[in-house]
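These notes concern the structure reproduced below.
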Amino acid sequence: MTSPQPARPSGIITQQVRENVAEDKDSARPSVAPESRPPFLPDLCSVSALTVLVLMGELLALVLALAVDGLREFSWQRLGLVSMTIQWVILPSAALLCRLRPHLARMPARLAGGSSFAVVLAVMVAVMGAQRTWFATVAQAPFDYWRWLGDSLLGAICAGVVLRYAYVQQQLRNQQRAELGARIEALQSRIRPHFLFNSMNSLASLIAIDPQRAERLVEDLSALFRASLADPKLVPLAQELSLARRYLEIEGLRLGDRLQQRWDIADGLERVQVPGLLLQPLLENAVLHGVARLRGGGEIVVGLAVSRGHLQLTIDNPLPGEPVDSDRTHNGMALENIRQRLAAHYGSRYRFEHGRNGDRYRVTLELPAREAKEFAGDRAEVAP
């Protein structure tokens, strides 16, 4: 419980909100860079993409060697020459397209496709020309333009097929990412009305009896809703803990000494990434279905630690007698909502368990402990 703050002049909250909006202070929404389009082609600089390209090139070389010599008169020498030529085309083309990837993403689709094909075609024509020139020099024969044009045409067809495949794969990946973001946004938006109604009830009950506490509640509520309106993403754990404490402060103003809390948090977890608004719904369940229904209240225990590369979260709260059916339904819907958000972020790489144990209810959550590369802004204080 925070100590009461002295009353401030009327309108100071509105003034602070305007200043925060103008200067982007204490906002959960990060500063957004100019909007960029999704990638046009996969990242050809990655090891996995290069491995796939090299394997595809080797398969193409094998097909061409078999088409010319057949299986009975198969020539390993021809396979080596064809393979070397194809890799000379693939590797420089991949390097150029990798450097051009940001520029291609800003182009219209047709222009980006034409530019990509032109880059590959230029590399291929140069490699084919160098190869034919070397053959003509070694054999002391004239340059075979028809053979060069035929090889270039065949290579252009293969390059077009491969580029089309890469484009389709990247667009499918872009679509999956967009659908995943929309799904997480929809799941997160389900939390907001429920939380809003409960917070407004708390505010209404305090305005008449304790204006100072009501003003503090509005300040905490403002910070919470800036976070709830932020883009659904992974956020530093310190930020999530700060929001969770603000929520418990709001409920503490309503419940008073009936709401007790204990935080058992290991050191060095501030930078660990977790889904935004993960703790608040779990704590809301602990308050509404546990502490608030007990005449004498109770203690909510929150534990956070890292073990074997995973973040382990436990929330333990007291429970009244057997809950009614409506309690089971609302609690189950909230927990299922969180489960779906975790599945959207982590797939199957998480563990989420919850259940009643006597007169206590315990939620256990295990997530991959990934740290943010950059952690901007003030770190939230983590009380013991």
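The values are calculated or read from the model by the stated rules, or taken from the named source; none is laboratory data. Since we're looking at a predicted model, the values are computed, not measured. Cβ sites come from the backbone with ideal geometry, for glycine too, and all protein chains shown count toward neighbours.
Quick rundown of the values:
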read-out	value
Only one of Val235, Val306, Val287 that is farther than 30 Å from Ala178 by Cα, buried (at least 19 other Cβ atoms within 10 Å of the Cβ) and out of contact with any His (no Cβ under 6 Å at 6 or more places or on another chain)	Val287
Residues of the stretch 275-291 satisfying the condition of being touching a Lys or Arg at 6+ places or on another chain (Cβ under 8 Å) and either at pLDDT 85 or above or hydrophobic (A, V, I, L, M, F, W, C) (or both)	Pro275, Leu278, Val291
Filtered residue count, the stretch 249-274, keeping only those that are at pLDDT 90 or above, closer than 21 Å to Ala214 by Cβ and touching a strand residue (DSSP E or B) at 6+ places or on another chain (Cβ under 7 Å)	0
Some residue of the stretch 16-32 being closer than 30 Å to Leu111 by Cα, modelled with pLDDT under 85 and part of a loop (DSSP other than H, G, I, E, B)	yes
Residue list for the stretch 276-298, filter: in contact (Cβ under 8 Å) with a residue 60 or more places away in the chain and assigned to a loop (DSSP other than H, G, I, E, B)	Gly276, Leu277, Leu278, His289, Gly290
